Amino acid sequence: MIQAIAIYKRELKYYFKSVTAYVTLSIFLFFSGYFFFSLLMRYSIFSYQILRSTDPAEGLNLMDSVMRPLLNNTSIVLLLVLPLVSMRLLSEEKKLGTFELLLTYPTRDAAVIFGKYAAAVTFFLAMIASTALYPILLSVFSDPEPVPILVGYLGFCLMGCTFLSIGIFFSSVTDNQLVAGISTFGASLFFLVIGWIVPFVDSTMSIVLRQFSLLMHFKSFSMGIIDTQDVTYYIFLTVFFLFLTVKSIESARWRS
Amino acid sequence: MIEVENLTKYYGPTVGIRDLSFKVSSGEVIGFLGPNGAGKTTLMKILTCFMPPTSGTARILGFDILRDSLEVRRRIGYLPEHVPLYEEMSVGEYLEFVSRLKGIPGRSIPGSVEYAIEHCGLESVFRRTVGKLSKGFRQRVGIGQAIIGEPEILILDEPTIGLDPKQIIEIRGLIKSLGTERTVILSSHILPEVSQICNRIIIINRGELAAAGSPENLQEQLKKSSVIRIGLKEPESMERAKDVILGIEGVGSIKEQAPQGETAYLTVESTTDIDLRGDIVKRLVEAGQPIVEVHGEELSLEDIFLRLVKEEGQ
């Protein structure tokens with residue numbers, strides 16, 4: 001445990017010292033801010049139009065018109081940005097050779113991986129925390145319901161953790177950061193869009209695909225509902241990939 | 001202290017090491033000597049539990065490298081060949097980080113860092129970033145991380161490679177001083193280095209054990225088969241001279257060398273440790289062969305190494 005903490009601290013320091021992290025953070029914040037701005041503008045213009053007409057303004061609230069699309073859109077940015085966060089975790093050390101030394105210390109593989117993963121998650125949470133500005137702004141000028149927003153954020157965090165666990169796995173299989181990043185992007189995108197073909201396949205297949213789809217499980221969160229099935233899905237996928245990472249490090253020893 | 005039994009490692013179809021067995025007792029400074037690609041690094045990677053052998057086993061202080069890997073790793077300090085370090089950390093931070101990874105309890109960490117700093121002469125670079133250090137200091141930091149936690153065994157892979165002569169002398173001195181308290185295994189392809197630092201040499205070639213012993217011992221062992229160079233005046237009577245020499249007891253083989261001007265040269269290898277020069281001269285004179293010169297050659301450790309490596313190669 002002490003060892004995992006030592007690794008965690010070093011990784012975290014490394015993140016906040018490196019240029020890549022700040023570039024990643026800036027891009028993420030730029031786009032999420034841009035989405036927030038455009039959605040809010042659309043919402044306000046729409047509100048004015050509603051005021052003048054006699055149509056009932058159904059579904060026009062801050063959660064449905066601003067926060068939910070914001071989280072949905074930002075999840076696409078996450079898909080692009082998180083592979084950049086996770087790709088260096090093990091690949092870089094493999095390339096530099098420091099990994100060899102790390103494996104000859106009396107430290108368990110699992111502690112190394114857990115420490116590194118936790119650091120990536122912390123960096124991601126810091127990224128997410130900075131977007132808290134948007135709901136805070138909303139609540140200054142209006143009164144959106146806090147619980148659905150928090151639930152949406154919970155889903156968002158779970159999805160990010162899953163992306164990162166996929167990322168650390170691909171980082172463990174190659175010493176090339178670019179390969180690790182691109183593979184992570186591919187695998188994450190696969191889990192994200194796998195649900196699109198649900199309407200065109202037979203019923204058993206569609207149940208399976210629906211269960212694997214990242215987006216389907218995100219839907220309930222973005223509507224403000226916590227479904228244990230969805231929480232379990234994200235946790236299962238995350239743990240599964242972390243387990244694969246430990247196994248891949250073990251097998252790398254045998255194959256070397 | 002270290003027992004290696006029939007250790008074999010294949011990389012696919014290529015042999016890393018084959019059927020290596022030897023023992024190292026406590027307090028020894030052992031040198032693995034061999035040309036590049038002989039299997040020294042492979043052997044070290046197996047002993048440090050970085051990778052498992054294909055077959056065979058090794059025990060370090062009674063712990064099996066496969067079954068008790070963690071226990072083994074607790075007792076070993078390792079310096080890999082290219083000294084991989086975290087470039088962005090300061091020397092102090094790095095050594096502290098290593099102390100934590102080695103599971104040293106929090107209150108003993110300052111002491112353990114100080115121990116490494118003191119033994120490796122790192123006081124002046126304590127706050128410097130590792131990535132900005134000279135090669136010599138990097139090597140010292142590398143050795144520093146290995147001795148953290150005061151392991152009983154140090155394994156150093158080519159510790160002086162790529163250093164300038166002054167740094168080499170310094171690092172050798174450091175290794176010697178470390179070797180007084182613990183068992184040290186180092187690898188090198190430079191013979192004088194190994195014979196200077198180590199009290200036992202294990203020569204590895206093509207993954208196999210070619211010879212083992214103390215530097216003096218190895219020299220003694222191979223001096224037995226000394227070489228005598230004989231210069232004969234008449235190249236045309238060479239065949240007869242050869243027959244005469246082969247008739248002497250203790251002569252192993254004769255090789256004809258390229259003649260230089262009027263003189264033809266023969267090299268005679270003896271198989272006993274009795275000096276054959278007298279006998280050979282006597283017989284040749286009796287047979288009426290004019291002799292120009294007789295010269296006994298002693299094999300230096302360098303020659304022994306080259307010969308072993310060559311013989312194995314053939």
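The values are calculated or read from the model by the stated rules, or taken from the named source; none is laboratory data. All of these numbers come straight from a predicted model, not from anything done at the bench. Backbone-built Cβ (ideal geometry, glycine too); neighbour counts: all protein chains shown.
Filtered by the rule that a residue be under 17 Å from residue A:196 (Cα atoms) and assigned to a loop (DSSP other than H, G, I, E, B), the stretch A:208-228 gives a lone residue, A:213. Here is the figure for the stretch B:62-75: residues that are more than 11 Å from chain A (Cβ to nearest Cβ) and either within 16 Å of residue B:102 (Cβ to Cβ) or not in a loop (DSSP other than H, G, I, E, B) (or both) total 2.
For beta carbons closer than 9 Å, sequence separation of 6+ or different chains, a first residue in the stretch B:85-108 that is facing another protein chain (nearest Cβ under 8 Å) and more than 22 Å from residue B:121 (Cβ to Cβ) and a second that is of a type in the set (S, T, N, Q) and not in a loop (DSSP other than H, G, I, E, B), the qualifying pairs are B:88/B:129; B:100/A:3; B:101/A:3; B:103/A:3. All of B:153, B:175, B:190 fail the test of being touching a residue at least 12 places away in the same chain (Cβ under 8 Å) and within 14 Å of chain A (Cβ to nearest Cβ), apart from B:153. Please indicate, with yes or no, whether at least one residue in the stretch B:186-203 is within 28 Å of residue B:92 (Cβ to Cβ) and in contact with a Phe, Trp or Tyr (Cβ under 8 Å, 6 or more places away or on another chain). Yes, the conditions are met somewhere in the stretch B:186-203. For residue A:8, the test of being over 17 Å from the mean Cα position of the chain (by Cα), in a helix (DSSP H, G or I), under 23 Å from residue A:120 (Cβ atoms) and of a type in the set (Phe, Trp, Tyr) is passed.
Here is a yes/no grid of residues against (1) of a type in the set (D, E, K, R); (2) more than 18 Å from residue A:107 (Cα to Cα); (3) under 23 Å from the mean Cα position of the chain (by Cα):
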residue	(1), (2), (3)
B:65	no, no, yes
B:68	yes, no, no
B:71	yes, no, no
B:74	yes, no, no
B:92	no, yes, no
B:99	no, no, no
B:102	yes, no, no
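Being touching a helix residue (DSSP H, G or I) at 6+ places or on another chain (Cβ under 7 Å), modelled with pLDDT under 85 and at negative phi is a property that residue B:217 lacks.
In the set A:18, A:26, only one residue is away from chain B (no Cβ under 14 Å), free of Cβ contacts under 8 Å to residues at least 60 places away in the same chain and under 26 Å from residue B:86 (Cβ atoms); that residue is A:26. Summed over the stretch A:52-71, the residues that are touching a helix residue (DSSP H, G or I) at 6+ places or on another chain (Cβ under 6 Å) and at pLDDT 80 or above give a count of 7.
Among the residues of the stretch A:60-79, is any polar (S, T, N, Q) and either within 14 Å of another protein chain (Cβ to nearest Cβ) or over 19 Å from residue A:152 (Cα atoms) (or both)? No, the conditions are met nowhere in the stretch A:60-79.
Of all residues in the stretch A:102-117, which are over 13 Å from the mean Cα position of the chain (by Cα) and closer than 24 Å to residue A:21 by Cβ? Those that are over 13 Å from the mean Cα position of the chain (by Cα) and closer than 24 Å to residue A:21 by Cβ: A:102, A:111, A:112, A:113, A:114, A:115, A:116.
Each row is one residue, and each column tells you yes or no for (1) assigned to a strand (DSSP E or B); (2) on the phi < 0 side of the Ramachandran plot; (3) at pLDDT below 80.
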position: B:209; (1), (2), (3): yes, yes, no
position: B:212; (1), (2), (3): yes, yes, no
position: B:222; (1), (2), (3): no, yes, yes
position: B:254; (1), (2), (3): yes, yes, no
position: B:259; (1), (2), (3): yes, yes, yes
position: B:275; (1), (2), (3): no, yes, yes
position: B:284; (1), (2), (3): no, yes, no
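Being surrounded by 23 or more Cβ atoms within 10 Å (Cβ to Cβ) and either away from chain A (no Cβ under 14 Å) or farther than 25 Å from residue A:107 by Cα (or both) holds for only one residue in B:23, B:40, and it is B:40. Scanning the stretch B:21-28 for residues that are at pLDDT 90 or above, closer than 23 Å to residue B:171 by Cα and of a type in the set (Val, Ile, Thr) turns up nothing. Inside the stretch B:224-251, residues that are of a type in the set (Gly, Ala, Ser), at pLDDT 75 or above and either surrounded by 14 or more Cβ atoms within 10 Å (Cβ to Cβ) or in contact with a Ser or Thr (Cβ under 8 Å, 6 or more places away or on another chain) (or both) make up a count of 3.
Restricting attention to the stretch B:120-139, the residues that are surrounded by fewer than 14 Cβ atoms within 10 Å (Cβ to Cβ), in contact (Cβ under 8 Å) with a residue 24 or more places away in the chain and not in a loop (DSSP other than H, G, I, E, B) total 2.
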